[in-house]
Amino acid sequence: MDFKEQSKLFKQTFGLKYEPLAISFTNDEVTSGKYEKTSICRALKLAAKGESFLIDENVSTCPGGSKYCGFTEVTSHDQKRRLQKFLTKGEKLTGSIVSFERMQKLTTEPPTGLADRIVMTPLDKAEIRPDMILFQCNPEQACRLISLDTYWDGVSPKQQLIGALCNTAISYTIMSGNTNVSVGDWTARNHQKFDTDITFVSIPYERINNLIEAIPLCSAGEAAAIIPEEFQPD
């Protein structure tokens with residue numbers, strides 16, 4: 001099943017409002033996609049509506065996005081202090097430099113230096129193998145995706161719920177190999193005006209074939225649930 005077929009299957013099965021996104025970290029030259037100044041969270045929203053982006057250190061406009069997606073790193077005392085001040089006094093998303101440090105340290109390290117660029121595109125337009133698929137969906141669709149993702153092994157993936165959207169929706173899954181469910185961060189949701197019911201579900205591409213194979217077998221996909229008589233309500 002090629003990328004177009006996978007995308008069609010996902011959209012038909014789950015009734016997705018937005019395009020499932022193919023996200024790839026690569027050092028290869030890629031020519032398709034907009035190469036323009038943008039933030040990661042803005043690109044996520046526009047790509048889900050059909051656009052494609054090539055993002056590197058030169059066009060990433062958000063310092064946080066550049067850090068969490070591995071283009072840059074905090075290397076000096078002054079950079080650290082500016083970041084602490086921004087998160088606690090500017091965005092006001094964490095109450096102190098201590099809680100900020102915990103948030104930084106208790107998650108997977110960002111993919112620093114992993115790749116020169118990120119390709120972000122609707123799955124049906126993907127030209128290279130994705131590293132992960134990102135679904136922007138409602139909670140019911142998220143529930144179905146997680147049920148299908150865990151259908152074969154029954155193992156709940158370790159989650160990373162809090163943190164920057166670019167971290168929880170992209171980098172955490174890239175570095176951990178875990179499927180993740182995130183609600184993003186308030187700054188990104190508010191500034192980009194994501195739908196109020198949007199949930200971000202990130203699935204490593206190496207898990208996608210098993211998820212697809214579960215669709216006809218699992219009631220979260222297309223299988224009809226059979227309720228034994230003794231379990232039916234009176």
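Listed values, structure above:
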read-out	value
Segment Ile226-Asn210, extension gain: residue separation times 0.36 nm, minus the distance between their alpha carbons	3.5 nm
Student exercise, region 142-217 dipole from Lys, Arg, Asp, Glu Cβ charges, in Debye to nearest 20	160 debye
Spin-label model distance (nm) - Asn27 vs Lys158, 7 Å beyond Cα toward Cβ	2.7 nm
Inter-probe distance in nm under a simple model that places probes 7 Å from Cα toward Cβ, at Thr112 and Phe86	1.6 nm
Using θ = phi - 60° and Karplus 6.51 cos²θ - 1.76 cosθ + 1.60, couplings along region 125-142 (whole Hz; Gly, Pro as x)	10, 4, 10, 10, 4, x, 8, 7, 10, 10, 9, 9, 9, 8, x, 5, 5, 4
For the chain, the Rg and Dmax computed from alpha carbons only, in angstrom	18.7, 68
Charge tally in the Cβ shell below 12 Å around Asp195, where Lys, Arg are +1 and Asp, Glu are -1, Asp195 excluded	+4
Accessible area of region 150-234 divided out per residue, in Å², using a probe of 1.4 angstrom	55 Å²
Relative contact order (%) - region 101-199, alpha-carbon pairs under 8 angstrom, separation at least six	33 percent
Rounded percent of accessible protein surface that carbon and sulfur make up, the chain, 1.4 Å probe	52 percent
Dipole magnitude (debye, nearest 20) for the chain, charges at Cβ of Lys, Arg, Asp, Glu	1260 debye
Long pairs among Lys80/Lys193; Lys11/Lys193; Lys37/Lys92; Lys105/Lys125, criterion Cα-Cα beyond 27 Å	Lys80/Lys193; Lys105/Lys125
Between region 91-134 and region 193-234, the alpha-carbon center distance in angstrom	25 Å
Modelled FRET efficiency - R0 30 Å, Val74 with Glu36, Cβ distances, 0.05 increments	0.70
Loop chymotrypsin sites (Phe, Trp or Tyr not before Pro), region 107-185 (other Cβ atoms within 10 Å of the site Cβ: 16 or fewer; DSSP)	Trp152
15 Å Cα-Cα reach of Lys34 towards aspartates and glutamates, excluding residues that sit fewer than 8 places from it in its own chain	Glu51, Asp56, Glu57, Glu127
Rounded to the nearest 20 debye, dipole of region 110-170 from Cβ charges on Lys, Arg, Asp, Glu	100 debye
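The values are calculated or read from the model by the stated rules, or taken from the named source; none is laboratory data. These figures come from a predicted structure and were not determined experimentally. Ideal geometry is used to build each Cβ from the backbone, glycine not excepted, and the neighbour counts take in all protein chains shown. The area values use the complete protein model at the heavy-atom level, side chains included, leaving out ligands, DNA and RNA. Shrake-Rupley method; radii C 1.70, N 1.55, O 1.52, S 1.80 Å.
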